[in-house]
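K.L.:
Okay, handing you the structure first.
Since every read-out is calculated from the coordinates, none of them should be taken as a lab result. Because the structure is a prediction, the values reported are computed rather than measured. Note that each Cβ is placed from the backbone with ideal geometry, even for glycine, and that neighbours are counted across all protein chains shown.
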Amino acid sequence: MNTEAATGSDARLRVLAGLELEGDEPHPFAPVYRETIEVGRTLRSVYSLTLRRAIALAQLMPAHAALGTRLSVRNGAQETIARVVALPFL
């Protein structure tokens, strides 16, 4: 995995974005990838009773934070597909 893009001075250039995860399990403080490049990290993540799925607040590189962008959240060996959504989650 290429984490070069998420290190060094680029790590400070992040925007807040909402993620809807495909599944019920929250993934707090997990790396977020677009293909093999780490593009951010989730901050808080919870199960939303209203949306009936897990959601997360994430810090993402601006180039990967467009609404509808498909990403993956990796928590250990588990990988979950996520989609960038507008904030707030209402």
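K.L.:
Name the single residue that is farthest from the chain's Cα centre (by Cα) among those in the stretch 52-76 being more than 10 Å from V39 (Cβ to Cβ) and assigned to a loop (DSSP other than H, G, I, E, B).
P.N.:
Residue satisfying both the conditions and the ranking: R52.
K.L.:
Based on this model, can you work out whether E79 counts as assigned to a strand (DSSP E or B) and touching a helix residue (DSSP H, G or I) at 6+ places or on another chain (Cβ under 6 Å)? Let's see the steps before the verdict.
P.N.:
Details: assigned to a strand (DSSP E or B): yes; touching a helix residue (DSSP H, G or I) at 6+ places or on another chain (Cβ under 6 Å): no.
Judged against the criteria, E79 is not a match.
Residue by residue, here is whether (1) touching a Ser or Thr at 6+ places or on another chain (Cβ under 8 Å); (2) more than 11 Å from L21 (Cα to Cα) holds:
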site	(1), (2)
G40	no, yes
R44	no, yes
A54	yes, no
P62	no, yes
A66	no, yes
R70	no, no
Q78	no, yes
A82	yes, no
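K.L.:
Would you confirm whether or not the stretch 41-52 contains a residue that is in contact with a helix residue (DSSP H, G or I) (Cβ under 8 Å, 6 or more places away or on another chain) and either of a type in the set (S, T, N, Q) or surrounded by fewer than 17 Cβ atoms within 10 Å (Cβ to Cβ) (or both)?
P.N.:
No, the conditions are met nowhere in the stretch 41-52.
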